[in-house]
Amino acid sequence: MGRFSGSLGIAFVLVAGFGAVDLRADTPAVVVPVSGANTTAELHLELERETFALINQYRLESHLPVFVWNAEIARVARAHSQDMATGDVDFGHDGFGDRIHLLRKTLLGLRGAGENVLMTDDPREIARNAVNVWLKSPPHLHNIRGDFNTSGIGVSENNQGVIYLTQIFVKLQPTSGEESAASAPRVVSPFGLLAAPAATKP
């Protein structure tokens, strides 16, 4: 059985959202390479793109504007995933405020931000499973459906094959009535342990 963990989650899942999900597997699974990628870095980049595309597909189907990919946001998200993978920070949203402060220096007009994270050791259909877990978690779904217009995803993996995903959402244009998602407590679901999603206002 695979385990997904996010700040809300699946099949044992740990999710943190602001949003986090833990999808670590208890038994080995066959690894299916993604789109012909053949190095770990290429696999991670492909996973980032695939997850981003699925999130935007959901937005389109929900009659919401799609997110614009931002390389700087992806770089910051990737660094957080790496910090979780190496154990420098716990799984979840430690340092979220610092990440947004850093992004404010390079992204003009940043008016709000959110973050979903997920952890899994199940290599099967990671992007689809991750998105499905987030969509079933109200705090994570709140970020995905939120009044954000720009986003980036970063993936990292530890020596045990546990994969960490971080998606950061930002609003780059001023809006009125912007609301922050309330930080939800960690929840144990039939799918896993989830961490509440993160969100901030200016």
Next on the checklist: Could you compute how much accessible surface Glu125 exposes when probed at 1.4 Å, giving the result in Å² to the nearest 10?
Outcome noted: 120 Å²
Checklist entry - Carbon and sulfur together cover what percent of the accessible area of the range 31-147 at a 1.4 Å probe radius? => result 55 percent
Checklist outcome for this item: Taking only protein heavy atoms and a 1.4 Å probe, the highest-to-lowest accessible-area order of Leu45, Leu108, Leu172 is Leu108, Leu45, Leu172
Item to check | Cα-centre dipole for the range 58-140 with unit charges at Cβ (Lys and Arg positive, Asp and Glu negative), debye to 20 | outcome: 440 debye
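The values are calculated or read from the model by the stated rules, or taken from the named source; none is laboratory data. From a predicted model like this one, the values you see are computed outputs, not experimental measurements. Quick reminder, even Gly has a Cβ in these numbers, built from the backbone with ideal geometry, and neighbours come from all protein chains shown. Keep in mind that these areas ignore ligands, DNA and RNA; they rest on the heavy atoms of the full protein, side chains included. Shrake-Rupley method; radii C 1.70, N 1.55, O 1.52, S 1.80 Å.
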